[in-house]
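Just so you know, all these numbers are worked out from the coordinates, no wet-lab data involved. If you're wondering where the values come from, they're calculated on a predicted model, not measured in any experiment. All Cβ positions, even for glycine, are placed from backbone atoms using ideal geometry, and neighbour counts span all protein chains on display.
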Amino acid sequence: MHEKGHRLVFTQTLTQAPPHNGRPPGDVPDPSAAEPGAIPSRQELAAGIEALKQERNAVVLAHYYQDDSIQDCADFIGDSLELSRKAASTEAEVIVFCGVHFMAETAKILNPGKTVLLPDLEAGCSLADACPADAFADFRRRHPDHIVVSYINCSAAVKAQSDLICTSSNAVHLVQQLPADRPILFAPDQNLGRWVARESGRELTLWPGSCIVHETFSEQALLQLRLEHPEAEVIAHPECQQHLLDLADFIGSTSKLLQRTETSPAPSFIVLTEPGILHQMRRRSPGKTLYEVPGADGCSCNACPYMRLNTLEKLWQCLHTMAPALELDEEIRRQALVPIERMLAMSA
Ligand code: SF4
């Protein structure tokens, strides 16, 4: 690809190119048109994305677990709660959600009149997949007197059956506000649920779901890293399993782990969460040392395979073609909006 102003000419046919919605704006050409020349550089793609954002009146929201190159093109980077707030308040006409499907769905639930794009529609989530709406409806029916609290990592159809949505940032705070005489169902992450129960002092009936990224860290490798780096603080996301959380010095949501690396006097950190967050940790605390914990299978890479389906090229492509766009059944959207708005009000 080479650049003419913000015109990008791709030299390779991009895979899975979605169909065009009419003529592209400005002088941005069809990205699937193969031309001989150089491979597009990260800088060229970033410049093209910036130009398209202006033309489309688009905002790019990126989760901390996205690839560094995508984070560097984003207008806002955050965790699920921060991104939900941003999605609710943006004045942009187009929201490009660089994260996974349930996050883009949440943005669409909050903004039905706006176009919400997800660079790769296949970017799902093992946690959301572990909680099908039909089975969840049975679970609710078996506990008719319970308040239903669902972690934001679930489908719109599950949100629509919930009384309250939470994120890992606000779950403890929200659960503590619920009436003490009412039992509570918590779905879909059992590890987060156990931690919320401990922190809030409330008994929770848990859906048995978990995240494939956070349940794979090796305890043996963590113990070895602690031995080698006794000065390091162990910081962990509450989606990790209990036996790993028991070894942590600090437990918190992705944004709280990021803050911790800034505010703690520790010179180094052993990090138990998806490694995409290390990019912002290094930026904000360049003098500190970060250690990743490998998976139990010996693999040193715990990147979320769903999050990493989004690429810089796909981000450019979706802004160019305005596809793929999220569509939601209006009845489900309307029902799912209620517990999300409740969350935003209660966590304000
Ligand atoms: S890291 Fe886990 S919870 Fe987050 S999107 Fe990936 S699979 Fe889902």
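For the stretch 84-182, build the charge dipole from Cβ charges (+1 Lys, Arg; -1 Asp, Glu) around the Cα centre, then report which of CYS154, VAL100, LEU121 sits farthest towards its positive end.
CYS154
Given Cβ point charges of +1 (Lys, Arg) and -1 (Asp, Glu) and nothing else, what value in debye, to the nearest 20, does the dipole of the chain about its Cα centre take?
My answer is approximately 580 debye.
Specify the angular offset, from 0 to 90 degrees and rounded to the nearest 10, of the alpha carbon long axis of helix 219-228 from the longest principal axis of the alpha carbons in the chain.
90 degrees
So, by mean Cβ neighbours within 10 angstrom, what's the order for 209-216, 68-75, 102-109 with the highest one leading?
102-109, 209-216, 68-75
Quick check: the distance between the Cα centres of the stretch 121-175 and the stretch 269-314, to the nearest angstrom?
26 Å
Pick from PHE139, PHE186, PHE217: which is most flexible by mean-square fluctuation in a GNM of the chain where alpha carbon atoms under 10 Å apart are linked?
Maximum fluctuation in the GNM of the chain, among the listed residues, is at PHE139.
Starting from the 7 Å offset along Cα-to-Cβ, what nm value, one decimal, do you get for the label separation of SER69 and GLU199?
3.5 nm
Three principal axis extents, largest first, for the C-alpha atoms of the stretch 260-312, in Å?
34, 29, 14
Just how many % of Cα pairs in the chain lie over 34 Å apart, if you round to the nearest whole percent?
29 percent
Any idea what % of Cα-Cα pairs in the stretch 232-348 are farther than 19 Å?
62 percent
Using the charge dipole of the stretch 262-348 (Lys, Arg: +1 at Cβ; Asp, Glu: -1 at Cβ; taken about the Cα centre), state which of PRO267, MET343, ILE332 has its Cα farthest towards the positive end.
Value computed over the given set: PRO267.
Putting +1 on Lys and Arg Cβ atoms and -1 on Asp and Glu Cβ atoms, find which of SER218, GLN190, SER41 reaches farthest to the positive end of the dipole of the chain.
GLN190
May I ask you to derive the relative contact order of the chain, considering only C-alpha pairs under 8 Å and at least 6 residues apart, and to give it as an integer percent?
Over the chain, the number comes to 21 percent.
Stretch GLU228-PHE76 to full length: gain in nm at 0.36 nm per residue minus the Cα-Cα span?
Length difference between fully extended and current span is 51.1 nm.
With each pseudo-label sitting 7 Å past Cα toward Cβ, what's the ARG142-ASP181 distance in nm, one decimal?
With each label placed 7 Å out from Cα toward Cβ, I get 2.7 nm.
Just need the relative contact order of the stretch 121-218 here, percent rounded to a whole number, with Cα pairs under 8 Å and 6+ apart.
Relative contact order for the stretch 121-218 comes out at 29 percent.
Counting pairs of Cα atoms in the stretch 47-166, how many percent are more than 23 Å apart?
For the stretch 47-166, the fraction of Cα-Cα distances above 23 Å is 33 percent.
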